[in-house]
Amino acid sequence: MRGLGREVVYGRRPMFPSITEASPWDALRRDDAALRPGVEAICARHGLGAPEVTRLPGGSVPVYALGARYALKVFPPGEAAYARTEALALAAVAGRLPLPTPDLIAADALGDWSYVLMGRLPGGLLSDAWPELTAADRDRLADELGAGLAALHSLDVAPLGALTADWGAFLAAQRASAVERQRARGLDERWLAQIPGFLDAWMPPLEGARALLHTELMREHLLVSPAPGRWHVTGLFDFEPAMVGAPEYDLASFGLFVSCGDGRFLRRALRAYGYAEGALDEALPRRLMAYALLHRYSNLRWYLDRLPAPGATSLDALAARWWALESAP
């Protein structure tokens, strides 16, 4: 259960409810009636009037559309660090990427709850649009996303001290706990037994270049639009789990949740990112598989549910399937 929070009172009405044993966070996060007074108080605080408030789907914390211009993400007590991360990352990328990102309007607290108020971006989720896309559409989006990710990873991370942990220590700790973290998520023993040997062979270096990482690149975190006459990327959002680390860490989630095994799409995106043709070899998918196992939210059992791999019996086979690299023409 998340940490307990005290009530914030505006007049005689609580703005956000307390999290208690009787009202745990898992239930409260879905209770828009309980959260609505706090959302309305934030709108009033920032002079937004009374916009139409719509809960947006998905997300680990509640996110609301406030009319057509704004979006609001609220964080419960104990998760202020995630709100600060989102605000720092949004400020760092503002106007610096070829991919649109939300404008940071405000980052503040209402009592023990934190929030990030940002501008809304146009378009619909790539996950919804994907079945409609032609091969030419997907090629164009792969080019845009590869170039956009390269721009993200080229930003100066010196001003992002608050997001910069000891990357080597982080990877070492993730490796030490890799098997137990997957076991706790219900992974079958036949896969668990392969993890130590796979990481012995493909453990990424603890030193090297550092970049601002989104860390959860997914079709559900990308917006696209068909206007004006062809599909293009209109937004990258959800920087709440951003961190500073090795660039290829981001490519693990890109393969799992954006290209989703589409080798043509992944190869095209990586070429647009800046990979030389010769660097797109058999070692790359295995390195990305290693980063997927080391990811702080790694859940191999869920990956197998999301991207079934019939006939695959080894982590090497999963790597080749999930980060497929279609041969160059």
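Points worth noting:
- Scanning segment 24-80 for residues that are free of Cβ contacts under 8 Å to residues at least 60 places away in the same chain, surrounded by 15 or more Cβ atoms within 10 Å (Cβ to Cβ), among the aliphatic types (A, V, I, L, M) and outside any strand (DSSP E or B) turns up L28, A34, L35, V39, L48, A80.
- Condition met for L288 (assigned to a helix (DSSP H, G or I) and touching a Leu at 6+ places or on another chain (Cβ under 8 Å)): yes
- Any hit, segment 159-166, residues being crowded, with 17+ Cβ neighbours inside 10 Å, out of contact with any Ser or Thr (no Cβ under 7 Å at 6 or more places or on another chain) and modelled with pLDDT under 95: yes
- The set of residues in segment 282-303 being more than 25 Å from W167 (Cα to Cα) and free of Cβ contacts under 8 Å to residues at least 60 places away in the same chain consists of E282 alone.
- Taking segment 269-283 as the range and being assigned to a helix (DSSP H, G or I) and under 20 Å from V233 (Cα atoms) as the test, the residues that pass are A269, L270, R271, A272, Y273.
- Residue list for segment 230-241, restricted to those being surrounded by fewer than 24 Cβ atoms within 10 Å (Cβ to Cβ), among the hydrophobic types (A, V, I, L, M, F, W, C) and out of contact with any Pro (no Cβ under 8 Å at 6 or more places or on another chain): W231
- Residues of segment 169-207 that turn out to be under 15 Å from Y297 (Cβ atoms), polar (S, T, N, Q) and touching a helix residue (DSSP H, G or I) at 6+ places or on another chain (Cβ under 8 Å), as a count: 2
- Unmet requirement for A109, which otherwise passes all of (1) under 25 Å from L141 (Cα atoms); (2) in contact with a helix residue (DSSP H, G or I) (Cβ under 8 Å, 6 or more places away or on another chain): (1)
- Selection count where residues are more than 28 Å from R264 (Cα to Cα) and not in a helix (DSSP H, G or I), scope segment 81-120: 21
- Candidates in segment 272-286 are the residues that are crowded, with 18+ Cβ neighbours inside 10 Å and not hydroxyl-bearing (S, T, Y); of these, the one that is farthest from F198 (Cα to Cα) is A272.
- Any hit, segment 254-268, residues being in contact (Cβ under 8 Å) with a residue 60 or more places away in the chain, part of a helix (DSSP H, G or I), within 22 Å of L90 (Cβ to Cβ) and assigned by TED's automatic domain parsing to the domain that holds L187: yes
- Scanning segment 181-229 for residues that are surrounded by 11 or more Cβ atoms within 10 Å (Cβ to Cβ) and among the charged types (D, E, K, R) gives R181, R183, R185, D188, R210, E216, R219, E220.
- Helices (runs of 4 or more DSSP H) wholly inside segment 123-214 that include at least 3 residues being among the aromatic types (F, W, Y) and closer than 30 Å to R230 by Cβ: none
The values are calculated or read from the model by the stated rules, or taken from the named source; none is laboratory data. In this text the structure is predicted, and so the values were computed from the model without any measurement. Cβ: placed from backbone, ideal geometry, glycine included. Neighbour counts: every protein chain shown.
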